[in-house]
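Heads up: the structure comes next, in C-alpha cells.
The values are calculated or read from the model by the stated rules, or taken from the named source; none is laboratory data. Worth saying up front: this structure is predicted, and the values here are computed from it rather than measured. All Cβ positions, glycine included, derive from the backbone under ideal geometry; neighbour counts span all protein chains shown.
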Amino acid sequence: MRLLSLFLFSMLSAAVSADSLSVKDASKSDVSDQAAVIKQSVLELNRQLYQLETDLLNPATTRAAIYVSLAGGEFFELHSVLITVDEQNPIQYLYTKRQLAALRQGAIHPLATLNLGPGQHAVKVIAKGKNFQGLAAELTVEKQIEKNQQPLYLELTLADNKETKTAALTVSQWQ
C-alpha cells in the first residue's frame, strides 16, 4: 500500500510539474512576443525620428545631392574625386577597386548631400586617376548651377570618347 501511495504521489507531482512547465513556456512565449512587438515599435519610431531629423536639417528648399556615374571607364581609371561648391567645404572621396567595378557595371554612387540656399552656385569638380596609358591624369570641370526652392540633384559623369581615346567629365543638373 505504501508503495502504491508513493507511486501515486510521484505521478501526481509529475503531472503538476508538467502543468507548471507548460504555464512557464506559455508565459515565456508571451514575453518573447511582447518583446518582439516592442522591438518593432522602437525600430519604427527610430525610422520616423531619423526622417524627421533629415527633414529638419535638410529641408527641401536647401537640399542638394551629388551622384557619380561612369560611362565606359576604358580610357580613364578613376581614383578620387574632389568637389567644391562656392569654394567652401571640399568633398573628397577615394574609390576602391570594388567600387570602380560597380560603377563600370552601371552603379551610381551617392557621393554627398549638401545644404544649398536658392540662387547661383559655383561647382568645381576634379577627378584624378590614370589615363589608358597608365599616366596620372586629372579631369576638371567648373559649372554655374541654379538652385531654386526644389531639391537639387547633380550627376558627375565620366564618359569615354572612343575617337580621341580620352575621357570627359560632365556635370548634369536635375531638379
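The table below lists the values:
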| quantity | calculated |
| --- | --- |
| Failed item, numbered, when LEU114 is tested on (1) surrounded by 14 or more Cβ atoms within 10 Å (Cβ to Cβ); (2) out of contact with any strand residue (DSSP E or B) (no Cβ under 8 Å at 6 or more places or on another chain) | (2) |
| Residue check for LYS165: of a type outside the set (A, V, I, L, M, F, W, C) and out of contact with any Asp or Glu (no Cβ under 6 Å at 6 or more places or on another chain) | yes |
| Tally, over region 153-175, of residues that are within 26 Å of the chain's Cα centre (by Cα) and under 18 Å from VAL81 (Cβ atoms) | 12 |
| Segments classed as strands (runs of 3 or more DSSP E), wholly inside region 116-163, with at least 1 members that are in the same structural domain as GLY106 (by TED's automatic domain parsing), polar (S, T, N, Q) and touching a residue at least 60 places away in the same chain (Cβ under 8 Å) | 152-161 |
| Selected residue [in the same structural domain as VAL141 (by TED's automatic domain parsing), assigned to a helix (DSSP H, G or I) and either of a type in the set (Lys, Arg) or modelled with pLDDT of 90 or more (or both)] from LEU43, LEU100, LEU78 | LEU100 |
| Residue under evaluation GLY73, criteria (1) touching a residue at least 60 places away in the same chain (Cβ under 8 Å); (2) surrounded by fewer than 17 Cβ atoms within 10 Å (Cβ to Cβ); (3) over 19 Å from GLU142 (Cα atoms), criterion not met | (2) |
| In region 81-97, the residues that are under 25 Å from LYS147 (Cα atoms) and part of a strand (DSSP E or B) | VAL81, LEU82, ILE83, THR84, VAL85, GLN88, ASN89, PRO90, ILE91, GLN92, TYR93 |
| Selection status of THR61, part of a loop (DSSP other than H, G, I, E, B), surrounded by 10 or more Cβ atoms within 10 Å (Cβ to Cβ) and at pLDDT below 90 | yes |
| Qualifying residue in region 146-162 (condition: charged (D, E, K, R) and over 23 Å from ALA64 (Cα atoms)) | yes |
| Flag for ASN161 being among the polar types (S, T, N, Q) and either surrounded by 13 or more Cβ atoms within 10 Å (Cβ to Cβ) or under 18 Å from TRP174 (Cβ atoms) (or both) | no |
| Test: GLY106 is assigned by TED's automatic domain parsing to the domain that holds THR170, out of contact with any Phe, Trp or Tyr (no Cβ under 7 Å at 6 or more places or on another chain) and at pLDDT 90 or above | yes |
